[in-house]
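This report concerns only the one structure given below.
The values are calculated or read from the model by the stated rules, or taken from the named source; none is laboratory data. Keep in mind the model is a prediction, meaning the values are calculated, not measured. With ideal geometry, Cβ positions are generated from the backbone for all residues, glycine too; neighbour counts draw on all protein chains shown. Quick note on the areas: whole protein, heavy atoms, side chains included, nothing else; ligands and nucleic acids left out. Shrake-Rupley method; radii C 1.70, N 1.55, O 1.52, S 1.80 Å.
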2 protein chains.
Amino acid sequence: MTINESLACTAVATKANVYFDGKCVSHNLTLADGTKKSVGVILPATLTFSTGAPEIMEGVSGRCEYLLTGSSEWVASGAGEKFSVPGNSSFQIRVSGEPYSYICHFG
Amino acid sequence: MTINESLACTAVATKANVYFDGKCVSHNLTLADGTKKSVGVILPATLTFSTGAPEIMEGVSGRCEYLLTGSSEWVASGAGEKFSVPGNSSFQIRVSGEPYSYICHFG
C-alpha cells in the first residue's frame, strides 16, 4: 500500500472547486500526457456526489467510508487505498475526525 | 490585470493543508525551477495568518480584504490583483460571499 504524497503534473487550475459550503475543496490538474485529475479534501461530513465519467478515488491522508448507489454496505477506505465509482452514478462519502485528502482519477 | 487561471507546475503535494477548520484549504506546488508556491481558497470568514517567509498573495477568483500588522486600513483585493505580506509578520484577511481563490508566492 503506497501513499502517493506527491503527484507529477504540468498545470493546476488555480480556482478551487468548492462543494457543499466548503466541506469538499479540490483543484483540477493536468498531467504531462493530457490526463485530467484532481486533488482534494473532504472535511467531517456526509456528502453525496454524482459522477459523469467513472472515478477512482485514492486516499492520501485520513480515511472515509463510502456507500455506492445500489449497495447497502458502507466500506472504509484510507490512505493508500482506492475505490472505484461507476460513471453516471452517485455515491455517499462520510468523514469523521481528520480530513480525508484524495486524488481523483477520471475515466 | 491578468487573472492566472492556470499555473504551470511539475508536482503537487496531494495532502491538503487545512487551516481554521477548513475556512482555508491549500495545496503545495513545486515548479519546474524548484520554486514552491501554493494554491488555495478562503471561505467566508475573518482569519489571521502568520508569515515565515515574505508572501505575495495573488487573487484568481472572488475578492478579499486584508489588514497588515501595523496598519489600520483594510484594503480590498480581487481576482488579478496581488498584495505583499512581509516575512515574520502576520495579516488578517476577511472574505464574505464568494470564496477567494488565490496563488501564494513565497520569498
**Asked** Given a 1.4 Å probe, how much area per residue of chain B is accessible, in Å²?
**Response** 47
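Residues of B:15-28, mean number of Cβ from any other protein chain within 10 Å of their own Cβ, rounded to a whole number?
For peptide B:15-28, the averaged partner shielding equals 6.
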**Complete:** Once the in-chain neighbours fewer than 8 apart are removed, the aspartates and glutamates whose Cα is under 16 Å from B:Lys23 read A:Asp21, A:Glu98, B:Glu65, B:Glu98
**Complete:** Note: A vs B interface, total accessible area buried (1.4 Å probe; ligands, DNA, RNA excluded), nearest 100 Å², is 2000
**Message:** On the rotation axis linking copies A and B, which residue of A comes nearest by its Cβ, and by how many whole Å?
**Reply:** A:Val25, 2
**Request:** First compute the accessible area of chain A with a 1.4 Å probe, then give the percent of it belonging to carbon and sulfur atoms.
**Result:** 49
**Asked** Could you give the distance between the Cα centres of the range B:47-95 and the range B:1-42, to the whole Å?
**Response** 16
**Complete:** Calc'd 3J(HN,Hα), the range B:21-38, phi into Karplus 6.51 cos²θ - 1.76 cosθ + 1.60 (θ = phi - 60°), Hz, glycine/Pro = x, comes to 6, x, 5, 9, 10, 9, 10, 7, 10, 10, 8, 4, 8, x, 4, 9, 9, 9
**Karplus 3J(HN,Hα) series, Hz, for the range B:57-63 with 6.51 cos²θ - 1.76 cosθ + 1.60 (x for Gly, Pro)** = 9, 10, x, 10, 7, x, 8
**Fill in**
Inter-copy distances for A:Ala53, nm, shortest first, label points 7 Å along Cα→Cβ, are 3.3
**Fill in**
The answer for GluC sites (Glu not before Pro) in the range B:24-107 that fall in a DSSP coil and have at most 10 neighbouring Cβ atoms within 10 Å is B:Glu73
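Between A:Ala11 and B:Gln92, what's the calculated FRET efficiency when r is the beta-carbon distance and R0 is 41 Å? Round to 0.05.
Working: r = 31 Å, r/R0 = 0.77.
Efficiency computed from Cβ-Cβ geometry: 0.85.
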**Item:** Dipole of chain B, positive direction: furthest Cα of B:Ser89, B:Tyr19, B:Ser71, with charges on the beta-carbon
**Value:** B:Tyr19
**Request:** Would you kindly state how much longer the chain becomes between A:Ala76 and A:Thr2 on full extension, computed as 0.36 nm times their sequence separation minus their alpha carbon distance, in nm to one decimal?
**Result:** 25.0 nm
**Prompt:** Heavy-atom accessible area of B:Trp74 with all protein chains present, probe 1.4 Å, nearest 10 Å²?
**Reply:** 70
**Request:** Show the residues, 5+ positions off or on another chain, whose built amide H is closer than 5 Å to the amide H of B:Val60.
**Result:** B:Gly80, B:Ser101, B:Tyr102, B:Ile103
